[in-house]
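The values are calculated or read from the model by the stated rules, or taken from the named source; none is laboratory data. Here the structure is a predicted model, which means the values were calculated and not measured. Methodologically, a virtual Cβ is constructed for each residue, glycine included, from the backbone with ideal geometry; neighbour enumeration extends over all protein chains shown.
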DNA sequence: TTGTAAGCGTTATCAG
DNA sequence: CTGATAACGCTTACAA
């Protein structure tokens with residue numbers, strides 16, 4: 001079913017049908033005939049032909065490291081919400097945490113072409129930045145700061161510093177920290193640096209043997225925590241760069257003797273709903289993930305539709321969820 | 001940059017370039033010139049024009065109720081994996097659990113058009129079934145059984161029955177069940193019916209006052225569990241239709257006196273990694289979510305690429321994770 | 001208001 | 001093997 005056939009059925013030109021569809025000049029009389037013809041045939045215009053002609057796809061490419069992470073899923077939910085509302089479609093690819101894939105997919109999107117790209121960022125390399133600068137389609141980076149592209153990110157440093165200050169607060173506790181690769185600037189670098197800075201203000205220097213480097217998984221968090229717990233018998237707090245790692249730490253703790261288990265506290269980042277609900281709950285940082293998805297999508301659509309050219313770097317706050 | 005410009009640069013016809021791109025007859029000599037021209041210009045063919053011409057978009061539409069649920073995210077991860085491997089793109093829409101939206105989005109996809117649709121199912125209405133039957137593009141339903149479309153689903157009934165049998169086993173326990181709307185056949189109906197059947201075999205009839213109806217949220221699970229706990233002082237087990245609800249139940253339990261809290265066990269469905277990791281862990285059912293996403297995507301691509309016409313209803317097994 | 005016709009960037013046919 | 005050329009279904013000057 002094509003626009004021509006509708007035109008024939010309604011005894012008008014295809015241009016008239018096109019105008020009808022897109023709100024141009026059509027007389028009432030013809031409008032009615034066209035409406036009928038479309039109704040009868042169940043005609044739908046071909047998105048592809050329109051895109052080819054107009055160069056507007058109403059399509060946003062989203063690149064995510066994975067979906068099976070509560071924080072990322074919340075972000076993606078937020079993006080989807082805005083896109084649906086504005087009648088944009090979301091083209092989604094998942095990299096399984098392989099940062100090279102990000103570039104590959106962004107290039108794919110650029111040439112598809114989509115109207116804009118949202119990158120849920122992990123490791124922003126020089127190549128990424130070069131891409132941001134030369135890309136033909138607007139890009140918003142989510143979750144990482146970069147000065148080469150518009151971005152929406154969280155106050156990882158501030159939150160970590162705040163958190164460290166609070167838990168170190170009263171008496172000087174013995175605190176361990178399990179982080180992730182510093183290649184991930186937000187989660188690896190900012191959180192660790194902020195955390196160390198917060199401790200320092202309380203007069204504590206994080207010693208090497210109380211630092212662990214973990215992957216983004218419960219399993220890895222478990223192993224790191226286990227190693228630290230085995231070598232240090234008098235820890236008060238294990239702070240983790242993500243709630244996933246924190247879950248692993250709590251798993252490790254389960255294997256300790258009761259009195260010890262009850263003494264050691266675990267903290268995380270992300271305010272995972274399951275951690276909150278069960279067991280004792282942990283002190284964690286609430287970031288506005290869904291909001292970040294919403295803001296990023298809105299920002300991108302703004303650029304696309306209104307042609308805004310002002311570079312924006314949007315930092316979102318946090319909330320410490322103490323327990 | 002278009003195919004014509006490349007043709008000019010390489011001193012060949014656009015047809016030759018097209019053949020080069022799609023593996024047709026081109027002499028070595030021309031191949032080389034074309035390769036150079038493409039290299040130099042960084043040319044990428046327009047996906048849209050090709051789609052318009054070939055009617056093959058290499059595009060799969062996925063309709064999901066939400067992403068911020070571990071099980072659904074795992075499913076989506078599985079789908080994405082297969083699609084990426086086979087060079088298909090995923091167009092994703094999220095309905096926020098509004099089942100009418102599912103139809104709207106599937107229609108949108110049908111007319112886009114995409115090459116196939118995967119519906120991560122919740123409530124399958126008559127309208128859904130009608131759509132399955134008349135759809136122009138192949139559809140695979142995931143997570144729900146239907147005889148009107150190809151589907152991949154989990155053995156919800158069997159798992160629930162098995163689970164109920166095991167926990168009721170030895171001495172007759174006092175067991176409560178918190179389910180969800182029976183409109184959701186898999187999660188609401190099958191799990192509840194299976195569970196009751198399992199209890200029955202152990203000689204237990206689930207009494208009305210030990211049944212709760214919850215939404216798909218921690219909060220709602222909490223409220224239902226709370227209500228049941230308040231009215232029944234001697235419960236041994238609270239079984240929940242999802243791990244999310246189970247998390248709510250555990251939250252409610254936290255507010256009970258210690259001796260009671262330690263007596264009551266909670267069970268769920270989904271094998272959520274956070275529930276597994278923290279606190280005491282709960283007995284739950286592991287479903288092969290990621291596998292189901294993989295199988296559904298493979299099934300769909302098989303239909304699209306090989307034109308398989310045999311209707312398939314694929315039921316995936318489960319594993320009880322006892323604790 | 002309306003219709004005609006010229007593209008958009010490909011691929012497929014068909015005659016060389 | 002190669003190159004014209006005609007679609008694919010739509011939008012948009014432009015002329016009427």
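Here's the yes/no breakdown for (1) under 30 Å from residue B:310 (Cβ atoms); (2) more than 21 Å from the chain's Cα centre (by Cα):
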position	(1), (2)
B:184	yes, no
B:197	no, yes
B:204	no, yes
B:211	no, yes
B:247	no, no
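Scanning segment B:174-206 for residues that are in contact with a helix residue (DSSP H, G or I) (Cβ under 9 Å, 6 or more places away or on another chain) and part of a helix (DSSP H, G or I) yields a total of 16. Within segment A:45-58, residues that are on the phi > 0 side of the Ramachandran plot have Cβ atoms under 9 Å from residues that are exposed (fewer than 11 other Cβ atoms within 10 Å of the Cβ) in these pairs: A:58/A:87, counting only partners at least 6 apart in sequence or on another chain. Number of residues in segment A:255-289 that are more than 8 Å from chain B (Cβ to nearest Cβ), out of contact with any strand residue (DSSP E or B) (no Cβ under 9 Å at 6 or more places or on another chain) and assigned to a helix (DSSP H, G or I) equals 6. Confirm whether residue B:251 is away from chain A (no Cβ under 12 Å), outside any loop (DSSP other than H, G, I, E, B) and either more than 28 Å from the chain's Cα centre (by Cα) or modelled with pLDDT under 95 (or both). When the stated conditions are applied, residue B:251 does not pass them. Could you tell me which residue of segment A:1-28 is surrounded by the most Cβ atoms within 10 Å (Cβ to Cβ), considering only residues that are near DNA strand C (Cβ under 10 Å from one of its atoms) and in a loop (DSSP other than H, G, I, E, B)? The qualifying residue surrounded by the most Cβ atoms within 10 Å (Cβ to Cβ) is A:12.
Of everything in segment A:13-28 that is more than 23 Å from residue A:48 (Cα to Cα) and either in contact with a helix residue (DSSP H, G or I) (Cβ under 8 Å, 6 or more places away or on another chain) or within 14 Å of chain B (Cβ to nearest Cβ) (or both), the residue that is nearest to DNA strand D (Cβ to nearest atom) is A:25. With respect to the conditions (1) within 30 Å of the chain's Cα centre (by Cα); (2) more than 30 Å from residue A:275 (Cα to Cα); (3) away from DNA strand C (no atom under 14 Å from the Cβ), residue A:56 falls short on a single one, namely (3). Among the candidates B:48, B:87, the residue that is within 16 Å of DNA strand C (Cβ to nearest atom), within 30 Å of residue B:287 (Cα to Cα) and out of contact with any strand residue (DSSP E or B) (no Cβ under 7 Å at 6 or more places or on another chain) is uniquely B:87.
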